[in-house]
1. Hey, can you tell me all the residues within the stretch 29-58 that are at pLDDT 90 or above, assigned to a strand (DSSP E or B) and not acidic (Asp, Glu)?
2. Restricting to the stretch 5-33, what's the tally of residues that are within 21 Å of residue 115 (Cβ to Cβ) and without any contact (Cβ under 8 Å) to a residue 60 or more places away in the chain?
3. Go through the stretch 94-125 and report how many residues are without any contact (Cβ under 8 Å) to a residue 60 or more places away in the chain and either hydrophobic (A, V, I, L, M, F, W, C) or in contact with a Phe, Trp or Tyr (Cβ under 6 Å, 6 or more places away or on another chain) (or both).
4. Listed residues 89, 98; which is surrounded by fewer than 17 Cβ atoms within 10 Å (Cβ to Cβ) and charged (D, E, K, R)?
Amino acid sequence: MSNACVWCDNRKGMLPAPPVCPRCQRSDWKDEPNYATIGVGAYGQYEIRGESVGGGHLIMYLDLQLVTAFHAPRVPLTHRLKQEYRHMRNDLGSKDGRGLIIQFSPSHGTAEGPWNITLSRPPFAKRVE
């Protein structure tokens, strides 16, 4: 088990294991989220409608819209996924991710444990600014 918060990557004051992260105040600081319970289907394609930060600017949230249906979850990203998201978003030339397509997938084929993301432009899309 890691001694860092999965949400804000805090490492200070994490030994012995506190009931909440001293930095972001999350009680689920050591648990990778199961995105299926948040309302995100594995391998579904979601358009990013916006991004925001909360929890003292430590937690990133994405406002999503399922591409093929009206389903719009608001999804928090772990620190690991936030870093990956920012790198992918910047590689695609986007400042805020709006209009890009994100897809979530469980790392080990099951909903439990860490999830991964992929980011792409919608088909036939111009460069997102």
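The values are calculated or read from the model by the stated rules, or taken from the named source; none is laboratory data. The shown structure was predicted, so the numbers you read here are calculated from the model rather than taken from an experiment. Glycine gets a Cβ as well: all are built from the backbone with ideal geometry, and neighbour counts include every protein chain shown.
1. Within the stretch 29-58, 45, 46, 48, 49, 50, 52, 53 meet the criteria.
2. 9
3. Going through the stretch 94-125 one residue at a time, the tally reaches 7.
4. Exactly one residue qualifies, and that residue is 98.
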